[in-house]
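Heads up, the thing below is written out as structure tokens.
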Amino acid sequence: MTMTLLTPHDPRTGLPRPAYQAAREKDVTAAVEAAAAAQRGWAALPPGQRSRRLLRLADRIEDRAEEYAEALRAGTGKLPAEARGEVEGSADVLRFYAGAARTEVSPAAGRRMADRESWVRWEPLGVVAAVVPWNYPLMMAMWRLGPALAAGNTVVLKPAETTPDTALLLAEDAAGLLGDDVVRVLPGDRQTGVLLVEARVDAIAFTGSTAGGLDVAYRAGLRRVSLELGGNCAALVLPDAPAYTCASLAAASVFNAGQSCAAPARVITLPENHDAVVAGLAREMGRMVAGVDFGPLNNPDQAARYDRILEASRAGVRHTGRTEPGPERDGGHWRPSVVLADLADDDPAVVEEVFGPVLTVQRARDLAHAVELANGVPQALAASVWSSDVSSALTLAGELEAGEAWVNCHLDQTPELPHGGRKSSGHGTDLSVLAIAEYQRPKCVTVRLD
């Protein structure tokens, strides 16, 4: 079989990084078979032992935090603080699931029928294929690995083509601390991902685009699938919004260069505060400088997407920030922050997810129309409401079609709270103890007592 070499590039400079070999059918088959062989032993460990091993892996990630952060920066171009924050957050997610491995959320045993005692066993699915994206290479891997491993599954992880670095570090550490083949990593391209999804795995966890999720669901057939797809998230800003609203939305919009599925993208106002919000966002976004306050887009395709959507937008008002990439970085995928206003509801920048440091501002006729605009796109991952009247804001949050809603904040997440999409943003749950059920199946056991 011909060897396929992939050459990732540094998004900060556009320069090539060391090439690596893409996994192909023989590699995929071997990894899945090895993970299947390891799964019985991993699942047979008492929860306390699995927990301790996961805790040791979290410790190792923190001990090697600088190496992980540098690997993140090489593939994503993140600023140092963002890279370190992702490493720390990933270790925190793993620690949470190390604790959750020792909890029970199933129905209690009891007598549900005369002379019978019944209980529910929650059993692992087996081998989980986890396909994760490039925007948070380590964190998105941990969102999938944590609950899957805690539940007793083994995992074959396929990182994004442009960001294999942290997954390879993780495979090295996991082999020594969790056991051989409990976590296997298959670096490669889309073909690698297709081969893995079509292999003899028991479930697929996919984080990526809606188109990618549809393809995974088609190939998965009757196997369990968990999908976290696009966002294009709304932020309803009411006339009595707190003074910090525009600054908070701007900061959330440019975090990770806007390459977060749950980032705010579509700001929706009422007529009386529309112009003030546009001016406030233009001011705050203008303070965010690409190369100083946030990093580059990840790859040429993502930069081309940003350019295409902004060129096609018919916005009557456009405020564009600055880029200061620094010396010898002119070839990087640097794009400025942008605020677009005075645009139609079907404008490309509204209906498509830019996945960059861009905010659109729409003017709703009233609150009912604001909710209609917020719910008027195919994606339904997250949203926020901004108002000093928390009671009214909570009511509006309940009307939003989204798996996660914030009031007077946006993009605030913790392992204890669930995250998941609706509509074309996918289905399934990440984070919290609820995510463990994504990687388990119930078995009811009933005993006749006489």
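Evaluation of R329 against the conditions (1) assigned to a loop (DSSP other than H, G, I, E, B); (2) under 27 Å from D240 (Cβ atoms) shows that the sole unmet condition is (2).
Is there any pair linking a residue in segment 162-180 that is closer than 23 Å to T192 by Cα to one that is open to solvent by 30 Å² or more (accessible area, probe 1.4 Å) and in a helix (DSSP H, G or I), with Cβ under 9 Å and at least six apart or on different chains, and which? From segment 162-180, the pairs are D165/E70; L169/E67; D173/R60; A174/R60.
Residue by residue, here is whether (1) touching a residue at least 60 places away in the same chain (Cβ under 8 Å); (2) open to solvent by 30 Å² or more (accessible area, probe 1.4 Å) holds:
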site: L340; (1), (2): no, no
site: A349; (1), (2): no, no
site: Q362; (1), (2): yes, no
site: R365; (1), (2): yes, yes
site: E372; (1), (2): no, yes
site: V377; (1), (2): yes, no
site: W386; (1), (2): yes, no
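Residues that are assigned to a loop (DSSP other than H, G, I, E, B) and either crowded, with 19+ Cβ neighbours inside 10 Å or touching a Pro at 6+ places or on another chain (Cβ under 9 Å) (or both) within segment 22-34 comprise A22, A23, listed in sequence order.
Take A81 and tell me if it is farther than 26 Å from Y439 by Cβ, at pLDDT 95 or above and either touching an Asp or Glu at 6+ places or on another chain (Cβ under 6 Å) or of a type outside the set (S, T, N, Q) (or both).
Numbers: farther than 26 Å from Y439 by Cβ: yes; at pLDDT 95 or above: yes; either touching an Asp or Glu at 6+ places or on another chain (Cβ under 6 Å) or of a type outside the set (S, T, N, Q) (or both): yes.
Yes; evaluated as a whole, the condition is true for this residue.
Listed by first and then second residue, the pairs linking a residue in segment 198-215 that is within 22 Å of A437 (Cα to Cα) to a residue that is of a type in the set (S, T, N, Q) and modelled with pLDDT of 95 or more, with Cβ atoms under 7 Å apart and 6 or more places separating them unless they lie on different chains, are A205/S226. Return yes or no: is V267 assigned to a strand (DSSP E or B) and either closer than 22 Å to L359 by Cβ or open to solvent by 20 Å² or more (accessible area, probe 1.4 Å) (or both)? Answer is yes for this residue.
When the residues of segment 210-227 are filtered to those that are out of contact with any helix residue (DSSP H, G or I) (no Cβ under 9 Å at 6 or more places or on another chain) and small (G, A, S), which remaining residue is most open to solvent (accessible area, probe 1.4 Å)? Per the stated criteria, the residue is A211.
Within segment 104-122, the presence of a residue that is within 20 Å of A30 (Cα to Cα) and either among the charged types (D, E, K, R) or surrounded by fewer than 24 Cβ atoms within 10 Å (Cβ to Cβ) (or both) is excluded. Of A19, A37, all but one fail to be among the small types (G, A, S), more than 27 Å from L94 (Cα to Cα) and exposed (fewer than 14 other Cβ atoms within 10 Å of the Cβ); the exception is A19. Among the residues of segment 87-98, none is identified as touching a Phe, Trp or Tyr at 6+ places or on another chain (Cβ under 7 Å) and either open to solvent by 10 Å² or more (accessible area, probe 1.4 Å) or modelled with pLDDT under 95 (or both).
Per the listing A65, A43, the residue uniquely over 26 Å from the mean Cα position of the chain (by Cα) and surrounded by fewer than 18 Cβ atoms within 10 Å (Cβ to Cβ) is A43. In a residue-by-residue description of segment 403-422, the property of being assigned to a helix (DSSP H, G or I), modelled with pLDDT of 95 or more and open to solvent by 10 Å² or more (accessible area, probe 1.4 Å) applies to no position. For the condition in a strand (DSSP E or B) and more than 17 Å from the chain's Cα centre (by Cα), A235 qualifies.
Considering only residues that are at pLDDT below 95 and closer than 15 Å to C261 by Cα, which ones fall in segment 429-439? None - no residue of segment 429-439 is at pLDDT below 95 and closer than 15 Å to C261 by Cα, so the list stays empty. Looking at the structure I just gave you, is A243 surrounded by fewer than 22 Cβ atoms within 10 Å (Cβ to Cβ) and in contact with a Leu (Cβ under 6 Å, 6 or more places away or on another chain)? Taking the combined requirement at face value, the residue does not satisfy it. Looking only at segment 291-301, decide whether some residue is modelled with pLDDT of 95 or more, hydrophobic (A, V, I, L, M, F, W, C), open to solvent by 20 Å² or more (accessible area, probe 1.4 Å) and not in a helix (DSSP H, G or I). Yes.
State yes or no: is G230 outside any helix (DSSP H, G or I), open to solvent by less than 10 Å² (accessible area, probe 1.4 Å) and not aliphatic (A, V, I, L, M)?
Criteria met by G230.
Checking every residue in segment 39-56 against the condition of being aromatic (F, W, Y) and under 30 Å from A151 (Cα atoms) gives at least one match.
Looking at L145, L157, just one residue is closer than 20 Å to P418 by Cβ and open to solvent by less than 30 Å² (accessible area, probe 1.4 Å), and that residue is L145. Among residues of segment 429-450 being in contact with a Leu (Cβ under 8 Å, 6 or more places away or on another chain) and either more than 22 Å from E86 (Cβ to Cβ) or not in a loop (DSSP other than H, G, I, E, B) (or both), the one that is least open to solvent (accessible area, probe 1.4 Å) is Y439.
The values are calculated or read from the model by the stated rules, or taken from the named source; none is laboratory data. Please read these numbers as outputs of a predicted model, since none were measured by experiment. Cβ coordinates were reconstructed from backbone atoms using ideal geometry, including for glycine residues, and neighbour counts include every protein chain displayed. Each accessible area value is taken on the protein alone, full model and side chains, heavy atoms only, with ligands, DNA and RNA left out. Shrake-Rupley method; radii C 1.70, N 1.55, O 1.52, S 1.80 Å.
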